[in-house]
Amino acid sequence: MAERNDDKEPKPLLYVDSSKVSDQRGNMQTDFQSKKSTAPEAAAEPEQKEEKHKQEEQKEEKIEEVKREFGVYDVMKEIETEMTAIRQITDQYVPEQTPAEQTEPPEQAEKEMIKPPAKKKRKKIEKKESSRDIVTRLSQHQGFPKPLCEAVINGETLRFHILGMKGESVKIKRGNRIHFVALPEIFNAKIIEQPK
């Protein structure tokens, strides 16, 4: 059956933090009564500052204690020794500068670094396009007349115009007839005649 609501203990709607309540002195009205500053409040400010300063010092001491406990300082020393060892190793591989290089003004060194290296003449290498590349390029060709193409299709060397392509199917025109050919069936495609 259903439990009765009277059996449950009520939960508090408001929780009070007792540590903050104990920090307050006297009545709330006396501490925060008006905008005007009074002599007792002015005297209380240095005491509050001292208390805050003491609390901060205690926090710092606790932090230092925890650092010692967990060995943070030991780890820091290990890291520092590793860093010095790494610096020594890398310094061995850095080339030493000659006195002439050191006396050179930095502006000249920057200008020398900015100069582009001499351009090498590249030999023109003819790129041999694959049949797939040629067919896709010709299928995207705009305007008429379309370029004449020669390729091996199903073992026969044929000349044709490529009208379009959709997926792996290529639409070609041979004479007055239009055929559809699968792209993987086209080998050794080359352009024979460009339109004028």
Next on the checklist: Less than 14 Å from a label point 7 Å out along the Cα-to-Cβ axis of residue 77: which backbone N atoms in region 53-68 qualify, by residue?
Outcome noted: 68
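Report the full-extension gain for the segment residue 166 to residue 130: residue separation times 0.36 nm, less the Cα-Cα distance, to one decimal in nm.
Answer, rounded to one decimal: 11.1 nm.
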Checklist outcome for this item: Phi-derived 3J(HN,Hα) across region 47-54 with the Karplus relation (6.51, -1.76, 1.60, θ = phi - 60°), rounded Hz, x for Gly and Pro, is 5, 5, 4, 5, 5, 4, 5, 5
Item to check | Phi-based couplings in Hz for region 153-169 (Karplus 6.51, -1.76, 1.60; Gly and Pro marked x) | outcome: 10, 6, x, 10, 8, 10, 10, 7, 10, 8, 8, x, 8, 9, x, 9, 9
Checklist entry - Given a 1.4 Å probe and the protein chains all in place, what does the accessible area of residue 52 round to, in Å² to the nearest 10? => result 120 Å²
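The values are calculated or read from the model by the stated rules, or taken from the named source; none is laboratory data. A quick note: this is a predicted structure, and the numbers were derived from the prediction, not measured. When we count neighbours, we look across all protein chains shown, and the Cβ atoms used for this are built from the backbone with ideal geometry, even at glycine. Keep in mind that these areas ignore ligands, DNA and RNA; they rest on the heavy atoms of the full protein, side chains included. Shrake-Rupley method; radii C 1.70, N 1.55, O 1.52, S 1.80 Å.
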